[in-house]
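Participant: Here it is, the structure in full.
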Amino acid sequence: MATEKLGNRIRKFREERGLSRAELAEQADLTELFVTALEEEDLYPSIAPLQKIARALGVRLGTFMDDEISVDPLIVRKESREADLTMQKAGDKNPSFLFHSLGKGKTDRNMEPFFIHITPEAEEDRKISSHQGEEFIVVTSGKLLVRYGKEEHVLETGDSVYFNSIVPHYVGAADGEEAEIYAVIYYPD
């Protein structure tokens, strides 16, 4: 499933539930055009609309990446992890974000842990998002730009940030260089 496109995964869950694109869009408080672009044009949005879609489908965000069930404790070896989800603009072949799920397979999880490789984005592509929950991020290489409300911060290797994600925010590579982070996202039920 790791190589399957996000849009295909969402379409699969939508069809399993017998929902039309219009019905999913309405339940997720998104437009049908957005859902269509997501499923057909490889549009890869920020986490916020994906969370809305996951909730409308009655699944966790990580369900879009799960393909196996594990037993506790779940151990993910660095050498065996692979990108489960990529985010990029429609039609763009170079992903801005490569998500490596570190909780994949743990079906009873309450957090979504990721290792994320981030490439620089043009200023016009830096979209602010907002969603229920909290995020905790540790920078492991490069510099990270964090816009939180009206504040802007640049974090360096070893720095961390923990915030309420209901506040509009943006997280991306700073200074035109790639960055790598560990992120844990908590979504309340």
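Participant: What nm distance separates the two modelled labels at VAL59 and ARG147, each placed 7 Å from Cα along Cα→Cβ?
Facilitator: Once both label points are built, they end up 3.1 nm from each other.
Participant: For the pair LYS5/GLU123, report the inter-label distance in nm, with labels modelled 7 Å from Cα in the Cβ direction.
Facilitator: For the pair LYS5/GLU123, the computed spacing is 3.2 nm.
Participant: Still on this structure, I have one more. What does the extension gain come out to for ASP159 and THR31, with contour length at 0.36 nm per residue minus their alpha carbon separation?
Facilitator: Stretched out fully, the ASP159 to THR31 stretch lengthens by 42.4 nm.
Participant: Around ILE118, what is the net charge, scoring Lys/Arg as +1 and Asp/Glu as -1 over all other residues with Cβ under 11 Å from its Cβ?
Facilitator: -3
Participant: While we're looking at this one, here's another question. Sort 109-122, 128-141 for me by packing, meaning the mean count of neighbouring Cβ atoms within 10 Å per residue, highest on top.
Facilitator: 109-122, 128-141
Participant: Can you give the direction-averaged projected area of the convex hull of the alpha-carbon atoms in the stretch 96-189, in nm²?
Facilitator: With every direction weighted equally, the projected area is 5.8 nm².
Participant: Between LYS12 and ILE75, what FRET efficiency follows from the Cβ-Cβ distance if R0 is 22 Å, with the result rounded to 0.05?
Facilitator: For LYS12 and ILE75, the calculated efficiency is 0.20.
We did not get these values from a lab; they are worked out from the coordinates using the rules stated. Keep in mind that what you see is a predicted model, and the values were worked out from it rather than measured. Counting neighbours? That spans all protein chains shown, and the Cβs are built from the backbone with ideal geometry, glycine included.
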